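**Q** Okay, here's the structure, questions in a sec.
The values are calculated or read from the model by the stated rules, or taken from the named source; none is laboratory data. Predicted, not measured: the structure shown is a model, and the values here were computed from it. When we count neighbours, we look across all protein chains shown, and the Cβ atoms used for this are built from the backbone with ideal geometry, even at glycine.
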Amino acid sequence: MPFPTRLLQPFHQLRHVVLLALIVAPVTAFSAAAQANHHGNAVAPNTSAGPSESEARELVESTAEAVIREIREHQEEVSEDPEVLLAIVDRLLLPHVDAERMTRLVLGRYYRSASPAQREAFTKQFQRLLVRTYAGPLSELGDQSIVITGTKPGGGEDELIVETEVVGGDLGVIPVAYRMAPENGGWKSYDVIVDGISLVNNYRGSFAQKIQRDGVDGLIRTLREQNEG
């Protein structure tokens, strides 16, 4: 049975590679305090026990701008070969994603019963599905930019939501919020909410239905077939 790619459509319209930031695989240690501001201003030092709110804002802004710039400079290559996009994702986005938390939330109650090998295989195939799906739109990036509009407490005691707007192009202003959690002295993102739609919630419902019918291996197999088709 073909994978229901219609579920990707709300995000496909954004035409923005930042959506992939929460789908990619291995977790890499990252300290936002070590990053220089894209505009040349140093990030305010963190004097608290955990990473600061300003570091979360800087992480979202600088990473998004770097990815947009990289995609724009390689639009033709990205359009012709999704592997180019995968390389950009690996270099610029992987270090800022809590993939373990992301996978746990997307698989929901099925995460506990999945083996480590299944979790790894799922994350790999899910990443590739998103890369293949967004490669076309990403090759058509125009003058989009990201504007930080605020922050607010997240669902957990130590979590944070960074609120932004993607502006430019023919889609107008699109609100995008990033759910962040502290990790290894910095921040990592694990969900993105685009115009009120959560990536985690969107995929969790679809994948749960597939797992109920065919198990976790069945979901992984479907994703792999979609990627190789």
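**Q** Regarding Val84, is this residue in contact (Cβ under 8 Å) with a residue 24 or more places away in the chain and among the aliphatic types (A, V, I, L, M)?
**A** Answer is no for this residue.
**Q** Mind listing whichever residues of region 183-227 are assigned to a helix (DSSP H, G or I) and of a type in the set (S, T, N, Q)?
**A** Once the filter is applied, which keeps residues that are assigned to a helix (DSSP H, G or I) and of a type in the set (S, T, N, Q), region 183-227 yields Asn201, Asn202, Ser206, Gln209, Gln212, Thr222, Gln226, Asn227.
**Q** Looking at region 62-135, what helices (runs of 4 or more DSSP H) fall wholly within it and have at least 3 residues that are touching a strand residue (DSSP E or B) at 6+ places or on another chain (Cβ under 8 Å)?
**A** 99-107
**Q** Condition check: part of a loop (DSSP other than H, G, I, E, B) and at pLDDT below 80. Does Asp143 satisfy that?
**A** Taking the combined requirement at face value, the residue satisfies it.
**Q** Which number in (1) crowded, with 21+ Cβ neighbours inside 10 Å; (2) closer than 20 Å to Gly168 by Cβ; (3) at pLDDT below 80 marks the one condition that Val60 misses?
**A** Unmet condition: (3).
**Q** Give region 182-229 a look and list any residue that's among the β-branched types (Val, Ile, Thr) and farther than 16 Å from Phe122 by Cβ, or say none.
**A** Val192, Ile193, Val194, Ile197
**Q** Okay, moving on. Filter region 187-205 down to the residues that are buried (at least 16 other Cβ atoms within 10 Å of the Cβ) and touching a residue at least 40 places away in the same chain (Cβ under 8 Å) and list them by number.
**A** Trp187, Lys188, Ser189, Tyr190, Asp191, Val192, Val194, Leu199, Val200, Asn202, Tyr203, Arg204
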